[in-house]
1. Can you name every residue in region 166-192 that is among the charged types (D, E, K, R) and more than 16 Å from the chain's Cα centre (by Cα)?
2. Show the residue pairs meeting these rules: Cβ distance below 8 Å; 6+ apart or different chains; first residue within region 89-108 and without any contact (Cβ under 8 Å) to a residue 24 or more places away in the chain; second residue in a helix (DSSP H, G or I) and open to solvent by less than 40 Å² (accessible area, probe 1.4 Å).
3. Among the residues of region 154-162, are any open to solvent by 30 Å² or more (accessible area, probe 1.4 Å), outside any loop (DSSP other than H, G, I, E, B) and of a type outside the set (S, T, N, Q)?
4. Scan region 173-184 and give yes if some residue there is part of a helix (DSSP H, G or I) and open to solvent by less than 10 Å² (accessible area, probe 1.4 Å), otherwise no.
5. Of all the strands (runs of 3 or more DSSP E) wholly in region 25-84, which have at least 2 residues that are at pLDDT below 95, hydrophobic (A, V, I, L, M, F, W, C) and open to solvent by less than 40 Å² (accessible area, probe 1.4 Å)?
Amino acid sequence: MPATQGRAVKVSAGQRVRVVDLEGGQVGDVFAFAADDVSEHLSASHTRATTSRLFPAPGGPFVTDRRRPILTLAADTSPGEHDMLIAACDPARYRDLGAPGHASCADNLTASLAKLGLAVPAVPQPVNVFMRIPVAGDGRLSWLTSTSRPGDAITFEAAMDCLFVLSACPQDLVGINGHKPTPLAIDLLDKE
């Protein structure tokens, strides 16, 4: 998947999907939607409430806005820094940063779903894989460069039939991608 772009793939219950950081240091925004009703989506806030964790851990579930399991974090070869706090970058974010018309994860989601003839009324908060946003004791967030290495991967197992959408985050104005977005890969794996 080229840098700054997005893709949607259909994943069957029990199937695994792996996101690979090909060159290292690249954030990916992950979205997931119930295959039979895209109004039901992976919800970072509901997942935090279910797991009592700010950030995902191997073996942990991701749930939808209807509190149903949609994905499980099956394996992770990266340093394990993944964010569930930050919204997807969008046209308004880039306007605020002085870059109107910049590619965004929100637009990548919309375009990826449109290729399947689908649309959603709002962009849900993604799970930002390989994104390093530590929370300080006083509650402040830091926007740090990803520490994922070339070939690092995070693998999800689908708990239901779903659409899995990945955006290779185009953010180059804030240092999360080292100011140089690079490609990611999506590997669909056979059921275990």
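The values are calculated or read from the model by the stated rules, or taken from the named source; none is laboratory data. Note that the coordinates shown come from a computational prediction; the quantities given were computed from them, not determined experimentally. All Cβ positions, glycine included, derive from the backbone under ideal geometry; neighbour counts span all protein chains shown. Keep in mind that these areas ignore ligands, DNA and RNA; they rest on the heavy atoms of the full protein, side chains included. Shrake-Rupley method; radii C 1.70, N 1.55, O 1.52, S 1.80 Å.
1. Asp172, Lys180, Asp190, Lys191, Glu192
2. Pro91/Ala106; Pro100/Tyr94; Gly101/Tyr94
3. To start, the set of residues in region 154-162 that are open to solvent by 30 Å² or more (accessible area, probe 1.4 Å) comprises 157, 159, 161.
Adding the requirement that they be outside any loop (DSSP other than H, G, I, E, B) leaves 157.
The next check asks that each one be of a type outside the set (S, T, N, Q); those that pass are 157.
The answer is yes, given that some residue of region 154-162 is open to solvent by 30 Å² or more (accessible area, probe 1.4 Å), outside any loop (DSSP other than H, G, I, E, B) and of a type outside the set (S, T, N, Q).
4. The initial filter retains those residues of region 173-184 that are part of a helix (DSSP H, G or I), namely 175-177.
From what's left, open to solvent by less than 10 Å² (accessible area, probe 1.4 Å): 176-177.
Yes: region 173-184 contains one or more residues that are part of a helix (DSSP H, G or I) and open to solvent by less than 10 Å² (accessible area, probe 1.4 Å).
5. Per the criteria, no element qualifies.
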